[in-house]
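> Sharing a structure with you now.
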Amino acid sequence: MTTLRDGEAGNNTVIVARDLRKVFRTKIKKEGFTQSVKSLVKPEYREIEAVHGISLEVPRGELIAFLGPNGAGKSTTIKMLTGILNATSGSMLVLGLDPGKQRKSLSFRIGSVFGQKSQLWFHLPPMDSFRLLGAIYEMDSKLLDKRIDEIVELFEIGELMDIPVRKLSLGQRMRCEFAASILHKPEIIFLDEPTIGLDVLVKQKIRELITRLNKEEKTTIFLTSHDIGDVEHLCSRAVIINHGKIVMDSSVKALKYGYLKKKVIDVKFAAISNHTMLEGLNILKRKGLSMKLEVDEGDGIQEVMLRLMQAGSIVDVTISDIPMEKIIGDIYTDKGLEGINSNTHTDSYAGTDMDTDRYTDTDTGTGSTTAGNSGGEGE
Amino acid sequence: MLMGDKKSGIQAKEKTGTRKDGDKGGRRLALSFLQHLRLICLYFKYNLLSAMEYRVSFILQALGMALNNAFFLFFWWVIFQKVSSIGGYGFKDVMVIWALSSSTYGFLHILFGNVRELPRIIMNGELDTYLLQPKNVYVNVYCSRMIVSAWGDLVYGFVLILLVYGFAPLKLLLFILFTAAGGLLAGAIMSVADTLTFYIGNSSGISRLVTEFLINFSIYPDSIYRQSVKVIMYTLLPTGFIVFLPFRLLSAFNWYGLLGLLAIDAVYIGISYLFFKRGLERYESGNLITTKL
Amino acid sequence: MRKLRKYLLVVKTGINSNLIYTADFLAGALFFALVIFIFMQLWEAIFFNDGSMEGYTVNRLVWYYIAAEMVILSKSDVFRSMNEEIKSGNIAYKLNKPYSFVLYQFSEGMGQIAVRLMTNLPVGLLLGFLYVGKLEGLNISALPAVVISTMLGILLNFFMDAFIGMTSFWTEDNSALYWIVQKLSFMLGLFLPLEFLPKIIREIALYLPFSYIAYAPARLLTSFSMEEFLSMVPIQILYTVLFAALSALIYSRGVRKLNVNGG
């Protein structure tokens, strides 16, 4: 085991997948008595290709977001990478091990927080669960004590350790859940929807913990989430899959700035005197004297603003980025792909000037995370 | 192993290579056995601690189970008021059968409480948690739960056997051994039914049925059945080896019988384990079924 | 009229939701076959295939057991359902729906019972004929009386379950109570006819409700007498009405408590 670790130290790739495929065979259920007797005797199956042909490389220490709409194949891919599911075809190596064949060896070195599935014992204090997990991961008891101290400090859960889990709030529980999953010091941690159902404050706390984990223990983080905030605030790279295929693999920055060529202008008039000025503008939504327009970056903004000012007297105006939610939503529905693909895998956007007004209010307080992750880029 | 990642590819191979090394392999097996034994003990401890969080409910459930069993004894008592023997069994013999059955299934459900839950666990994809841990899934999943009321069964059996034989250390020792061995064997059979879920989808109906058949074929004298039923009781649903052979050995001990019984238990358990292991390869987690259909 | 249709629809839903589970049905039938088989073997071993006890032959005992088991197995899930609704607090959301919670539960329960009875009846008849042939000394003209008693037994069972289910307004652990009541009805009439029990127990049992679930209809089927019909059926009716009334009472008290505590 130790030699394997040493051997890999110089090698920067922790996950390699080539052309992964997974086909599920599911029984077709039919209604009615005779039909269901029939299917008991001679079941009919349908094949569903959940993942077809995913190739991926993840360097050590990266914070990668794995995104896609429901049923896109995210969980299936993660389950193959962690050894829960056998791949139908293709090959992969995680930390130099084949998850399908070396599940046990691999499990010592990876951790996971899977949605709402708890590792903690509901009726017992977290400390008991930690001790049990220590035994499951074959940790020496002295080492375990030391590690628990470490984690308790890192996650600030000292006062929770002796309270039965059922009495903890969801946020406190999630923190303990996290702590439990890194007890054995995993090199990669898989997070499936880690912030689902949490309030804003707890979400921030969890994100902070993930960042800290990534920095202090050099843990590679593999994250799926429907919360675009998680991706925006945490990850350096985003891989988006749909219908079992990777539709996009780029740095989060490229994703954002690719779309930043366009802006949204919300404007509210007191009165509109010159309607002709509005003709030819790309109006997304209009309601009475308020409207929402999309404009191209650069000269477009100036021209549109001039025309708006001539059209009437303006009460209020906001110019903003296209929200990340919309960007990703567009990619899911295959709308936005062309706009972005031309810009991916180039670092030109990473270096663009950072006008302060680009960071609208949604971005406040996250400067540190984006800065911290820039090292993960550059493929 | 055809990835560009050469270095780790080679090392992964080396790792599997060491398994061939016989001596080391043996030691590793022994170590792994001990670790799993420790795991079982820890699960037992924490399950018990969990149950103790609701002490009153724990005691009520256990007492309820013991009472339930006592009702059956009442049934037999009534019958033996009318006849003196049923197929060679007297009231005391039936009590011993009940003691064995009760403690055996009690032992099983205390240590391997998930034996009735596995189909559901497989269907819901909850096996993921166990697959992510570096322990044998078979042991890990079955031990992680305790059926609290089974304590009533276990204790009830011991009370009965003490009532029948008084304090006889050797018989008691044998009784404990049979309880454990029979419990493992019964668990192995139920596990085969559970494991069918991997192959044919939800098998909880079959599991429940197998459990009912096992228990019901354990609590009545085996001499009431005709030959064809007895064949089943010593093959497919081996209550003969779970309860009746132990019963005979308890009243008239012989070494061959004991060793033979243990060997048979081991074979059943081995088959059950292999069946589970092969089934596990077909595991498809739960998410697809629940989201898509 | 509209109101009635609403509940009839619930009955129908109860029936349909049970019909889907074909595998469950098959498992239930197999279980039924198993227990009857074991009891038949047991009685045969005791009687060596002939002779009788307390007026019961092997044939009659097997038919007795089939009839009694049919009543017991054809029960609703009302206890579990009430228990869960109340303990989880879901009941608070059901109260402001435009139906009566109690009538809803009753309709659903009747649907479940109908399905189980419809499946258990042919299975029971088939098994009886296969195992021991037709019932000795069957009195065809007594069948309507048996049917009435069976229906009453099933209803009594339902209201007892509903009543115990609703005690969860007050107590966390009513499953123990449910269990004991269940076992008492097994002991006092399912496994053995009351005639087999010691005299004192038999006499006490005839005052308690438990034997009027399974014993009464099974007894009337296997050895009918007008005298026993007239003594048992009124008590069945009495107990059924009593437990229905108790259920209604405990429900209204429980809901009031719920309102006070805010669920």
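> In whole Hz, what ³J(HN,Hα) sequence does region C:219-233 give by Karplus (6.51, -1.76, 1.60; θ = phi - 60°), x for Gly and Pro?
5, 5, 5, 7, 8, 6, 9, 4, 4, 5, 4, 6, 8, 8, 4
> Could you work out, residue by residue across B:129-138, how many beta carbons of other chains sit within 10 Å of that residue's beta carbon, and then give the average as an integer?
Taking all residues of B:129-138 together, the mean is 6.
> Order of C:Glu203, A:Glu150 from fewest to most other C-beta atoms within 10 Å?
Sorted ascending by nearby Cβ count, the order is C:Glu203, A:Glu150.
> With the Cα gyration tensor of region A:175-312 in hand, give its eigenvalues times 5 under a square root as the equivalent ellipsoid semi-axes, listed largest first in whole angstrom.
44, 17, 13
> Residue by residue through region B:162-167, which ³J(HN,Hα) values in whole Hz follow from phi under the Karplus form 6.51 cos²θ - 1.76 cosθ + 1.60 (θ = phi - 60°), with glycine and proline marked x?
5, 5, 6, 9, x, 8
> Let me ask you something else. When the Cα centres of region C:68-123 and region B:132-157 are compared, how far apart do they sit, in Å?
Their Cα centres are 32 Å away from one another.
> Here's another thing I want to ask about it. What are the extents of the Cα atoms of region C:121-263 along their three principal axes, in Å, largest first?
Sorted largest first, the three principal extents are 59, 30, 29 Å.
> With θ taken as phi - 60° and the coefficients 6.51, -1.76 and 1.60, list the Karplus ³J(HN,Hα) couplings across region B:32-38 in order, rounded to whole Hz; mark glycine and proline as x.
So the J values, rounded to whole Hz, are 4, 4, 4, 4, 6, 4, 5.
> Quick one: which residues, 5+ away or cross-chain, put their amide H under 5 Å from the amide H of A:Leu63? H built at 1.01 Å from N.
A:Ile221, A:Ser236, A:Arg237
> Rounded to the nearest 500, what is the protein assembly as shown's calculated 222 nm mean residue ellipticity when only DSSP H runs of at least 4 contribute -39500 (n - 2.57) each, over all residues?
Rounded to the nearest 500, the figure is -19000 deg cm²/dmol.
> Using the 10 angstrom Cβ neighbour count as an exposure proxy, how do B:Trp77, A:Trp121 rank, fewest first?
Arranged by neighbour count, lowest to highest, B:Trp77, A:Trp121 become B:Trp77, A:Trp121.
> Which whole-number percent is the relative contact order of chain B (Cα, under 8 Å, 6+ apart)?
23
> Something else about it: Under 8 Å for C-alpha pairs, at least 6 residues apart: give me the relative contact order for chain C, rounded to a whole percent.
27
> Listed here are the pairs B:Lys171/B:Lys230; A:Lys117/C:Lys87; A:Lys42/C:Lys134; A:Lys167/C:Lys94; A:Lys42/A:Lys104; which of them are more than 30 Å apart at the Cα?
Over 30 Å apart, Cα to Cα: A:Lys42/C:Lys134; A:Lys42/A:Lys104.
> What's the Cα-based Rg to Rh of the protein assembly as shown, Rh via Kirkwood?
With Rg and the Kirkwood Rh in hand, the quotient comes to 1.04.
> What is the antiparallel percent of DSSP beta bridges lying wholly in region A:156-291, to the nearest 5?
Rounded to the nearest five, the antiparallel share is 65 percent.
> OK, next. Tell me the angle of helix B:6-18 to the major Cα principal axis of chain B, expressed in degrees between 0 and 90 and rounded to the nearest ten.
30
> Where a ≥ b ≥ c are the square roots of the eigenvalues of the C-alpha gyration tensor, would you call region A:66-194 rounded, which needs a/c under 1.5, or, failing that, prolate if a/b is larger than b/c, or oblate?
oblate
> Any idea what diffusion coefficient chain C gets from Stokes-Einstein, in µm²/s, Kirkwood Rh on alpha carbon pairs, 37 °C, 0.692 mPa s?
Once the numbers are plugged in, D ends up at 168 µm²/s.
> Treat every Asp and Glu Cβ in the protein assembly as shown as -1 and every Lys and Arg Cβ as +1, leave all other atoms uncharged, and give the resulting dipole magnitude about the Cα centre to the nearest 20 debye.
1880
> Same structure again: DSSP loop trypsin sites (Lys or Arg not before Pro) in region B:119-163 with at most 15 other Cβ atoms within 10 Å of their Cβ, which ones?
Here no trypsin sites (Lys or Arg not before Pro) fit, given the DSSP loop and packing criteria.
> Pick from C:Thr150, C:Thr222, C:Thr13: which is most flexible by mean-square fluctuation in a GNM of chain C where alpha carbon atoms under 10 Å apart are linked?
C:Thr13
> Among C:Ala245, C:Ala162, C:Ala114, which one shows the biggest mean-square fluctuation in a GNM of chain C, springs joining Cα atoms closer than 10 Å?
Sorting by GNM fluctuation, first place goes to C:Ala245.
> Among bridges DSSP assigns within the protein assembly as shown, what percent are antiparallel (round to 5)?
Taking every DSSP beta bridge with both residues in the protein assembly as shown, the antiparallel ones total about 70 percent.
> I would also like to ask the following. If you build the Cα gyration tensor of chain B and take the root of 5 times each eigenvalue, what three semi-axes come out, in whole angstrom, biggest first?
39, 22, 20
> Any idea what angle helix C:78-88 forms with the longest principal axis of chain C, computed on alpha-carbon atoms, 0 to 90 degrees, nearest 10?
Its long axis makes an angle of about 30 degrees.
> I would also like to ask the following. Taking chain B as a Gaussian network, where each spring joins two C-alpha atoms under 10 Å apart, which residue of B:Trp76, B:Trp98, B:Trp255 fluctuates the most?
Among B:Trp76, B:Trp98, B:Trp255, the largest GNM mean-square fluctuation belongs to B:Trp255.
Bear in mind these aren't lab numbers, they're just calculated from the coordinates by the rules spelled out. Note that the structure is predicted; figures quoted are calculated from it, not measured. Note: ideal-geometry Cβ built from the backbone for every residue, glycine included; neighbour counts use all protein chains shown.
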